[in-house]
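The values are calculated or read from the model by the stated rules, or taken from the named source; none is laboratory data. Every value quoted in this text rests on a predicted model; they were computed, and no experiment measured them. Here the Cβ positions follow ideal geometry from the backbone for every residue, glycine too, while neighbour counts run over all protein chains shown. Surface areas here come from the heavy atoms of the whole protein model, side chains and all, with no ligands, DNA or RNA. Shrake-Rupley method; radii C 1.70, N 1.55, O 1.52, S 1.80 Å.
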Amino acid sequence: MDHLLLNVGPCEGGPTFRNDYGNGYVSRFQFHPGSWATAARHTGLSDGWNPYHVGANVATWLKLIGVANAGTTSGWPHCWWS
């Protein structure tokens, strides 16, 4: 969890928490829209501006893909290893 909050989130979305990065991805964790929709269907939480929703969807996505795949293109291939 510390790694996600201290390294992956800031690497993906910069130092501030916002939703629209102008690149088509969702939330600070830069979800592909399809991945975000999948996680949101499982959690019922879809607001990319809401840190609680983002955290729940990150945790759910990790559960869906498996932590071992977090550093692949299913997760965060660049920032997971930073």
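On the stretch given as the range 13-30, residues that are basic (Lys, Arg) and surrounded by 14 or more Cβ atoms within 10 Å (Cβ to Cβ) total 1.
Might you let me know whether the range 42-50 holds any residue that is closer than 18 Å to GLY75 by Cα, of a type in the set (A, V, I, L, M) and modelled with pLDDT of 95 or more? Within the range 42-50 (the criterion being closer than 18 Å to GLY75 by Cα, of a type in the set (A, V, I, L, M) and modelled with pLDDT of 95 or more), the answer is no, since none of the residues qualifies. Filtered by the rule that a residue be in contact with a Phe, Trp or Tyr (Cβ under 8 Å, 6 or more places away or on another chain), more than 16 Å from ILE65 (Cα to Cα) and open to solvent by less than 60 Å² (accessible area, probe 1.4 Å), the range 31-51 gives LEU45, GLY48. Note on the range 34-58: residues that are more than 21 Å from THR16 (Cβ to Cβ) and either assigned to a helix (DSSP H, G or I) or in contact with an Asp or Glu (Cβ under 8 Å, 6 or more places away or on another chain) (or both) amount to 9.
The residues of the range 52-82 that are in contact (Cβ under 8 Å) with a residue 12 or more places away in the chain, hydroxyl-bearing (Ser, Thr, Tyr) and either crowded, with 18+ Cβ neighbours inside 10 Å or under 19 Å from PRO10 (Cβ atoms) (or both) amount to a single one, SER82. If I filter the range 15-33 for residues that are touching a strand residue (DSSP E or B) at 6+ places or on another chain (Cβ under 8 Å), assigned to a helix (DSSP H, G or I) and either free of Cβ contacts under 8 Å to residues at least 12 places away in the same chain or closer than 19 Å to TRP81 by Cα (or both), do I get at least one hit? Yes.
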